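The values are calculated or read from the model by the stated rules, or taken from the named source; none is laboratory data. Every value quoted in this text rests on a predicted model; they were computed, and no experiment measured them. With ideal geometry, Cβ positions are generated from the backbone for all residues, glycine too; neighbour counts draw on all protein chains shown. Ligands, DNA and RNA are stripped out before the accessible areas are found, and what is left, the full protein with its side chains, is counted by its heavy atoms. Shrake-Rupley method; radii C 1.70, N 1.55, O 1.52, S 1.80 Å.
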Amino acid sequence: VQLQASGGGSVQAGGSLRLSCAASGIRFSVNVMSWYRQAPGKQRELVALITSGGGTNYAGSVKGRFTISRDNGAEMVYLQMSSLKPEDTAVYYCNSKGLGGNLWGQGTQVTVSS
């Protein structure tokens, strides 16, 4: 049972990155999948979530710039990040919530320079 996040890196402001999260050992298709982030010295915050039915919700700070999507067949969730800002710099975590409980991935670092 695990979530494996990847795709982080360093970009300049205005650039784009796509995060991926591979799930295994969970009932992926029925779980709510989310991306959280935690910047140094700050609490972890919800960035975006996607329900089993494909409904989405975004933090106000990323709305219009980030897009969350999922591929139930491949058991993957993605976060397309565009128009990145320095304040988007954080460790990004994949999360799964379902009947089996709450599961976190290991995190992937995103650094945006001005």
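With (1) touching a strand residue (DSSP E or B) at 6+ places or on another chain (Cβ under 8 Å); (2) more than 21 Å from SER29 (Cα to Cα); (3) not small (Gly, Ala, Ser) as the list, and MET76 as the residue in question, which single condition is left unmet?
(2)
For the stretch 51-82, name all the residues that are under 15 Å from ALA22 (Cα atoms) and aliphatic (A, V, I, L, M).
Hits for the stretch 51-82 are ILE68, ALA74, MET76, VAL77, LEU79.
Could you tell me which residue of the stretch 55-73 is nearest to ARG37 (Cα to Cα), considering only residues that are in a strand (DSSP E or B) and either open to solvent by 30 Å² or more (accessible area, probe 1.4 Å) or modelled with pLDDT under 95 (or both)?
Ranking the qualifying residues of the stretch 55-73, first place goes to TYR58.
Just a yes or no: is a residue in the stretch 94-101 outside any strand (DSSP E or B), touching a residue at least 24 places away in the same chain (Cβ under 8 Å), out of contact with any helix residue (DSSP H, G or I) (no Cβ under 6 Å at 6 or more places or on another chain) and closer than 22 Å to GLN12 by Cβ?
Looking for residues that are outside any strand (DSSP E or B), touching a residue at least 24 places away in the same chain (Cβ under 8 Å), out of contact with any helix residue (DSSP H, G or I) (no Cβ under 6 Å at 6 or more places or on another chain) and closer than 22 Å to GLN12 by Cβ, one finds none in the stretch 94-101, hence no.
Taking the residues in the stretch 95-110 that are out of contact with any Asp or Glu (no Cβ under 7 Å at 6 or more places or on another chain) and closer than 13 Å to ARG18 by Cα as candidates, determine which candidate is surrounded by the most Cβ atoms within 10 Å (Cβ to Cβ).
Going through the qualifying residues, I end up with THR108.
Output the residues belonging to the stretch 28-62 that are of a type in the set (Gly, Ala, Ser) and more than 15 Å from ASN72 (Cβ to Cβ).
Once the filter is applied, which keeps residues that are of a type in the set (Gly, Ala, Ser) and more than 15 Å from ASN72 (Cβ to Cβ), the stretch 28-62 yields SER34, ALA39, GLY41, ALA48, ALA59, GLY60, SER61.
Tell me, please, whether a residue that is β-branched (Val, Ile, Thr), in a strand (DSSP E or B) and either under 19 Å from LEU99 (Cβ atoms) or in contact with an Asp or Glu (Cβ under 9 Å, 6 or more places away or on another chain) (or both) can be found in the stretch 27-41.
Scanning the stretch 27-41 turns up at least one residue that is β-branched (Val, Ile, Thr), in a strand (DSSP E or B) and either under 19 Å from LEU99 (Cβ atoms) or in contact with an Asp or Glu (Cβ under 9 Å, 6 or more places away or on another chain) (or both).
Looking at the structure I just gave you, is GLY15 open to solvent by 40 Å² or more (accessible area, probe 1.4 Å), part of a loop (DSSP other than H, G, I, E, B) and of a type outside the set (D, E, K, R)?
Answer is no for this residue.
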